[in-house]
Amino acid sequence: MGRKITIEPITRIEGHGKVTVQLDDDGRVVQSRFHIVEFRGFERFVQGHPYWEAPVLVERLCGICPVSHHLAAAKAVDIIAGVGPEGLTPTAEKMRRLMHYGQMFQSHALHFFHLASPDLLFGADADPAIRNVIGVALMHKDLAVQGVLMRKFGQEIILATAGKKIHGTGAIPGGINKNLSPEERDSFLRGPDPLNADKMIAWAQTAVAFFKDFHKKNTGLIDGFAAFPSNHLSLVRKDGALDFYHGALRAVDADGKRILDDVDYRDYLDHIGEEVRSWSYMKFPYLRALGKAEGWYRVGPLARLNTCDFIPTPLAQKEFETYRAYTKGKPNNMSLHSHWARLIELLHSGEVIKQLLLDPDLQGTDLVRKGRKAREGVGLVEAPRGTLFHHYRVNADDQITMANLIVSTTSNNEPMNRAVSWVAKNVLDRKAEITEGMLNRVEIAIRAYDPCLSCATHALGRMPLEVALYDARGKLISRKER
Amino acid sequence: MDQKKVLIFGIGNPGRGDDGLGPELIERLRRDPQTHAEFPGTSACVCEFEFRYQLNIEDAFAIKDHHLVIFADAATTGDVEAALTEAFPSDVIAFTTHRMSPAAVLALCHELYGRTPKAYILSIRGHQWDIREGLSSRAEANLNQALDIVRKFLDTI
């Protein structure tokens, strides 16, 4: 009798998901799937609202990455308000950049210290009671303290730029509603140790060094686990630099050949399609140039460091050169190298935050521009988890009539399924006993993508947690609910 | 007067109906003279309020210097409209990063900073969780009970 193994919920990722592995009578994996069980509804919710409310409304999508949605929506409504992507005042753009890089910094710090480090420090077979951030605090206190304070620093940057840590109102159509006061600037540049930019950069360097050391001692695991070729997509700056806030679309294949290059993201629908599959509420985006079967792609830190040519801050660029040299200049297709890439981005974010804090434009008073209104706007940013698309249409009364969002986790839907399949075939196949460690390896594969399932399914709040086991004929054998 | 520092978290998403109970509670308390921080000399405690979609690791830092912490959040099950129960750090943590539990935040605070404040969970029963803003009428009634509970509790400090 075949067995279906279900892991639900996946611990330590935002939102909830269900993993189902179907075995045949010989214990061989015949199918594995990563299911999203919640329903999308936010795009309908925003319809009828005036467009200028979009940047604040969309923050309700997610309490983990509201700033990303705020800024992507703001970029879209800038266009509706008549201000093109490059038309903001210097103060407005740099305030938004500071907000965004603050968000990146705290999000990447959270992921590494809270989500990834327990697995790396304790191993997939460790007692679950220890394999969490409390365990990290017990055994590696300095690491846990740094994680907490790096989160706090990033959150304070968001507070200073957006007005609030959550539901910030900083970005408005055509600009920003506040600048950074000299007192705010100085608190971040010269605050008492450790809450200042220089200490944050130093800690980010320590985190990169930690991972590189771990990689040296565990090369087989980090290189081999859930490694598979894929396409990669992100925004890159016009000159090929890594840029989280603005750029053009670039996609490369597993060998580095460019599939898209220098594409205006306002034309994204010409290049990206979304496939619906019956067994998941989350869609499956793909590059139209390659079709549904071959056009799936990764987004996020691994993808960004595959598509960009260089990183425009010195310390992160140095780490990037080491990182790129490891694959001899070719794209990196190893899922767990996402952690390495993420930490390089953490370092880059710290450096950019310091650069921006030293820029007097942040104290400028020219905050908003206006122009000739349009009926449609598209805004993209590189969110911590990957490329984030916001697209709105409005009617003559300025009400939103259409909203389309492609969140990063949706783009990574197929890659996460591939990662789960890899683990299923290499770890679960033909095993006499399924251990907790095996199941945790499935989750490790998914956590490398840092998915935010709340965003992907536009769900937030309570969901019933269900574990279900089915026989080969689909009959329910066992079920637990929390 | 030696005032006690109280931190009250309002936890939830105001865009999901009654999940906004926690945030709405702290908004009303902010406007309440009993808890108004501008009158610290007239009260045995000075209250701070923090809104959270969910608790996270940095909240271990946020609570470390307070005497008392209250975590106010909507409940999806149970018959009790509103209840205040004491919370303790827990060694056995099973959580997702969608939110950390109050027990996990307390445990992390203890491990990192060597102490934990006295802590309580204020559970307020909600009934509707759709994507919309505003509380249901039943939740509104439960919120009033919860406000009464908190005010009476702060009076005992």
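Read-outs: derived from the displayed coordinates by stated rules, not from any lab. The structure displayed is predicted, hence computed values, not measured ones. So basically every Cβ, Gly included, is an ideal-geometry build from the backbone, and we count neighbours across all protein chains shown.
Here are the numbers for the structure shown:
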item: Cα centroid of the stretch A:215-253 to Cα centroid of the stretch A:79-123, whole Å; result: 17 Å
item: Amide H contacts of A:Phe228 (H built 1.01 Å from N, under 5 Å, at least 5 apart or other chain); result: A:Ser335
item: Relative contact order computed over chain B (Cα-Cα under 8 Å; 6+ residues apart), in percent; result: 31 percent
item: Helix-only CD estimate at 222 nm, as mean residue ellipticity for chain B, using -39500 (n - 2.57) per DSSP H run (n ≥ 4); result: -9000 deg cm²/dmol
item: From the C-alpha gyration tensor of the protein assembly as shown, square roots of 5λ in Å; result: 35, 31, 26
item: Convex hull (Cα only) mean projected area of the stretch B:4-155, reported in nm² to one decimal; result: 8.8 nm²
item: A:Leu23, A:Leu159 arranged by Cβ crowding within 10 Å, fewest neighbours leading; result: A:Leu159, A:Leu23
item: Centre separation in Å (Cα based) which lies between the stretch A:141-185 and the stretch A:339-369; result: 11 Å
item: Average other protein chain Cβ within 10 Å of Cβ, residues B:60-68; result: 2
item: Global form of the stretch A:272-369, assessed from the alpha-carbon gyration tensor, a/c cut-off 1.5; result: oblate
item: Point-to-point label distance, B:Phe153-A:Thr169, nm (Cα→Cβ direction, 7 Å offset); result: 3.0 nm
item: Burial ordering of A:Tyr449, A:Tyr268, fewest other beta-carbon atoms within 10 Å first; result: A:Tyr268, A:Tyr449
item: Per-residue Cβ neighbour rank within 10 angstrom, fewest leading, A:Trp279, A:Trp203, A:Trp422; result: A:Trp279, A:Trp422, A:Trp203
item: Average partner coverage of B:102-112, which counts Cβ from other chains inside 10 Å; result: 4
item: Separation between Cα centres of the stretch B:1-18 and the stretch A:273-298, rounded to whole Å; result: 42 Å
item: Efficiency of FRET between B:Ala141 and A:Glu294 - r from beta-carbon atoms, R0 60 angstrom, step 0.05; result: 0.60
item: The stretch A:146-224, relative contact order in percent, only Cα pairs under 8 angstrom and at least six apart counted; result: 19 percent
item: Relative contact order for chain A, counting Cα pairs under 8 Å that sit 6 or more residues apart, in percent; result: 27 percent
